[in-house]
Each structure stands twice: as structure tokens, then as C-alpha cells.
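The next block holds one structure in the form of C-alpha cells; read it before the comments.
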Amino acid sequence: MKLPASRADVSFLPRTPPASELIEEGEGALEQLPTSPIGRCPFCAYDLRYCKEPFRCPECGFDYDEISRAWWDTEKHSGYAQYWLMILIVLGIAGAMIVRVVLQTARLLHVGLLGMAVGGAAWVVFEAFRLRRTHRLGRCIVACPQGLFVRSDRYEDWVPWSAFGDLVFSKMGFYVRRLDSEQTVDIPMSFEAFEDEDDWVALRDELHQFRAYYLSRTGTV
């Protein structure tokens, strides 16, 4: 079915998973074809393969539609053990300072160092748990009605379609240029997630198609 002329042509985008994604539920069981365009929820990892319209994650309420799409990074990472090492170091310093305070041998400098150590430990703990969430859910980009969602090792960010400028390639990596800010959003994907540079160009074209389509639905363009 063709989209109305006033809407961008996204007919090349997969509206249902291809037949190659048939999933076998058990030994001797019939294979089933997923009905959802997104396999698992990018926000809570709930299995969305068999959700039907109107598409909405029953676990966290993530809204998407029949042409929404998620790209997952396949590159392996070393994990976040270095953050736990930093926690141990900072807590060790804090512990030493606390002992000095308890024994009343601490000077004003030691009290200041104690405050810095506790604050640093709190920050490192926060970063470690944030990275734990990233490694549990996965690094990804998601195109859906609300905009382009990006999760990397360092942050989670939404780019509304009205603020999406372009997908830019550079020697420093790949990022989204925003129209409403000078800040850019790094794309967490590596070349391992795609076959070659042509796939990145295709991704860029698809994101522009998503932008045109969703903005046309809201009457923005």
C-alpha cells in the first residue's frame, strides 16, 4: 500500500520482520513469525517480538509504530570493571580519612579530602550503575515517533525529529548534528555493526526518511 502523497515514502523500510527471522519456540514446535518491528524493548529489554498494533511495551510503556526500527551495536566491550576499581580506590581514601577523624588526628585538610573522597565515590558509584544499565540493555539507536533515541556507554539522549539535522561521518566517529543546539550526539555504533561504509550511508538516508515521515504525520512539514 502506498503512503499518501503528502507523506514521505518509507516503503523501503521493513514494516514486518523478514521471513528469515522465524523463531523456533521449542523442539518439534512450529516456527512463528514475529509481528513486531522491534525485537526487544530498548528501555527495559522486554520481548516485543509478538506485540501487535497499537505497539506499546507492556512493561515500561515505550510507544512505537509499524515502521519503528532499532539498531543494536554488536561490538564487544571490556565492561565497566575499571569503575569498580575506582570505587575501591576512592572508598579506601575515604576510609583512611574517616579513621583520622575518629581518632581525632585529622587536620582541616584531611576533612576537606574526606569530603572530596566521599563525593568522588558517590559519582563513581552512579557512573558504574549507569554503565551497568547500558551493558544490560545494550548500546543502540532507535527511530520511533518520539524521535531518535541514542544509548552509548556515556549517556542516553533523545533527539526529536524536529531537531534532527544530519548523521555526520568524521575521523572522530559518527554523530548526529542537532538543529536546536551546538552540541552533537555521538552514535555508539562501530563499523562492526554494519558491513561497510555504504551501510552507513543507507542508515543516514533512512533516518532522513524517518524524519520526513514522522514530521509529516504531525503536520510540522
Could you order the peptides 168-176, 42-50 from most to least packed, using the average number of other C-beta atoms within 10 Å per residue?
42-50, 168-176
Rounded to the nearest 0.05, FRET efficiency between Thr35 and Thr218 (Cβ-Cβ, R0 25 Å) equals 0.45
At R0 = 30 Å, how high is the FRET efficiency between Ala122 and Arg177 if r is their beta carbon distance? Nearest 0.05 is fine.
0.35
Average accessible area per residue (Å²) across the range 150-212 - probe 1.4 Å, nucleic acids and ligands excluded:
56 Å²
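The values are calculated or read from the model by the stated rules, or taken from the named source; none is laboratory data. What you see is a predicted model, and the numbers here were worked out from it, not measured in a lab. We place every Cβ from the backbone using ideal geometry, glycine too, and count neighbours over all the protein chains shown. These area figures cover heavy atoms from the full protein model, side chains too; ligands, DNA and RNA do not enter into them. Shrake-Rupley method; radii C 1.70, N 1.55, O 1.52, S 1.80 Å.
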